[in-house]
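Since the structure comes first, as structure tokens, the remarks are kept for the end.
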Amino acid sequence: ALFLHVPFDDDEENLVAWRVMESYVPARIGVLGVSNFALPAFQKLYEAAAIKPEIVQNRFQEENEAL
């Protein structure tokens, strides 16, 4: 698995990085994922991705409980 660990400030930069990661699937990498993405950034990436993220890794903190 390969993760886009922290989103860039610009959603377009996330997509550029994602496209590079997609180029390694399935020859070198089995699945792609994201880490520490807020829901709006994740939704934009997911909608634009040719290969959808299969793993989402986020920290759960009490102050984020309502999100």
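Looking at the stretch 3-22, can you tell me whether even one residue there is of a type in the set (Val, Ile, Thr), at pLDDT below 95, open to solvent by less than 100 Å² (accessible area, probe 1.4 Å) and under 13 Å from the mean Cα position of the chain (by Cα)?
yes
Results for (1) of a type in the set (A, V, I, L, M, F, W, C); (2) surrounded by 11 or more Cβ atoms within 10 Å (Cβ to Cβ); (3) at pLDDT 95 or above, shown as yes or no for each residue.
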position	(1), (2), (3)
TYR24	no, yes, yes
LEU32	yes, yes, yes
PHE37	yes, yes, no
PHE42	yes, yes, yes
LEU45	yes, yes, yes
ALA48	yes, yes, yes
LEU67	yes, no, no
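Just to be sure I understand the filter: pairs with C-beta atoms under 6 Å, separated by 6 or more residues or on different chains, first member in the stretch 1-30 and in contact (Cβ under 8 Å) with a residue 12 or more places away in the chain and of a type outside the set (Gly, Ala, Ser), second member part of a strand (DSSP E or B) and open to solvent by less than 70 Å² (accessible area, probe 1.4 Å). Which pairs pass?
Qualifying pairs under 6 Å: LEU2/LEU32; PHE3/GLY33; PHE3/SER35; LEU4/VAL34; HIS5/SER35; MET21/LEU2; MET21/LEU32; ILE29/LEU2.
Determine, yes or no, whether PRO53 is at pLDDT 95 or above and either among the aliphatic types (A, V, I, L, M) or open to solvent by 60 Å² or more (accessible area, probe 1.4 Å) (or both).
Working: at pLDDT 95 or above: yes; either among the aliphatic types (A, V, I, L, M) or open to solvent by 60 Å² or more (accessible area, probe 1.4 Å) (or both): no.
When the stated conditions are applied, PRO53 does not pass them.
The values are calculated or read from the model by the stated rules, or taken from the named source; none is laboratory data. Predicted model only: the values in this text are computed from it and were never measured. Glycine gets a Cβ as well: all are built from the backbone with ideal geometry, and neighbour counts include every protein chain shown. In case anyone asks, the SASA skips ligands and DNA or RNA and just uses the protein heavy atoms, side chains included. Shrake-Rupley method; radii C 1.70, N 1.55, O 1.52, S 1.80 Å.
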